[in-house]
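Step one of this worksheet: look at the structure below.
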Amino acid sequence: KDLYKILTATLRIKVPIFVARQMRTSQVGFSYSDLYVEGEAFAFNEVSRRYVNSEPEFYKIQEWRVREGKSIKQGSTGVAGDSDIIHYLNTEQETIQAISNGVYSASIAEKIAPEQTRALLPQSMYTEFYMTGTLQRWKQFITLRLQKDVQQETREITQLIASRLEEVYSDWLE
């Protein structure tokens, strides 16, 4: 059973940038947790838009949430109702993504360096990365990132990660 401390798993993960950044905060978060293990860290290898010319893909928020109360750890507490601001946000989201794709494509066509053009892309753009860790580390990550005060999008990808790991390593993740 101690093999879970040395067995590793690498997953290729595709999420919006704002989710990827929250996932990477796990590098620091465990040092303040009962689950912290000295020397345990994930290795990340992210696909860089510096070397990619393909048109970016964007995450589309389907359901806007509201924040009620003063908690800053988890900003959302419920679903926003239909209103003028929701219609505005949906329109802005579509506009920002369409403009971003247009500007990016035009810049690449004009041979502007992707390393600079990527600065114009919003955090809703998808990124892909490899994330490697021991099964023990994955179990810690899953435990922390499935808590109710974690951002919903991060909980959703964590549930997918847990399902994938359980398919292969069910005996080790119990």
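The values are calculated or read from the model by the stated rules, or taken from the named source; none is laboratory data. Predicted model only: the values in this text are computed from it and were never measured. Virtual Cβ from ideal backbone geometry, glycine too; neighbours counted across all protein chains shown. We work out accessible area using only protein heavy atoms, side chains counted, and drop any ligands, DNA or RNA first. Shrake-Rupley method; radii C 1.70, N 1.55, O 1.52, S 1.80 Å.
Computed values, structure above
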| quantity | calculated |
| --- | --- |
| Verdict on Phe129 being under 18 Å from Glu57 (Cα atoms) and hydrophobic (A, V, I, L, M, F, W, C) | yes |
| Residues that are out of contact with any Ser or Thr (no Cβ under 7 Å at 6 or more places or on another chain) and either open to solvent by 40 Å² or more (accessible area, probe 1.4 Å) or assigned to a loop (DSSP other than H, G, I, E, B) (or both), drawn from the range 128-137 | Glu128 |
| Residue within the range 101-122 that is at pLDDT 90 or above, surrounded by fewer than 16 Cβ atoms within 10 Å (Cβ to Cβ) and under 16 Å from the mean Cα position of the chain (by Cα) present | no |
| Condition broken by Glu55, with the remaining ones in (1) modelled with pLDDT of 90 or more; (2) touching a Ser or Thr at 6+ places or on another chain (Cβ under 9 Å) satisfied | (1) |
| Filter result for Ala106 (part of a helix (DSSP H, G or I) and either within 16 Å of Ile17 (Cα to Cα) or in contact with a helix residue (DSSP H, G or I) (Cβ under 6 Å, 6 or more places away or on another chain) (or both)) | no |
| Answer from Ser76, Ser100 - the residue that is small (Gly, Ala, Ser), touching a residue at least 12 places away in the same chain (Cβ under 8 Å) and assigned to a helix (DSSP H, G or I) | Ser100 |
| Close pairs (9 angstrom Cβ cut-off, 6 or more residues apart or separate chains): more than 21 Å from Gln93 (Cβ to Cβ) in the range 103-127, aliphatic (A, V, I, L, M) anywhere | Ser107/Ala113; Ser107/Leu120; Ile112/Ala106; Pro114/Val52; Pro114/Ile108 |
| Matching residues, the range 138-174, being loosely packed, with under 15 Cβ neighbours inside 10 Å, of a type in the set (A, V, I, L, M, F, W, C) and closer than 12 Å to Val19 by Cβ | Leu160 |
| Test: residue in the range 21-32 that is at pLDDT below 90 and over 25 Å from Leu160 (Cβ atoms) | yes |
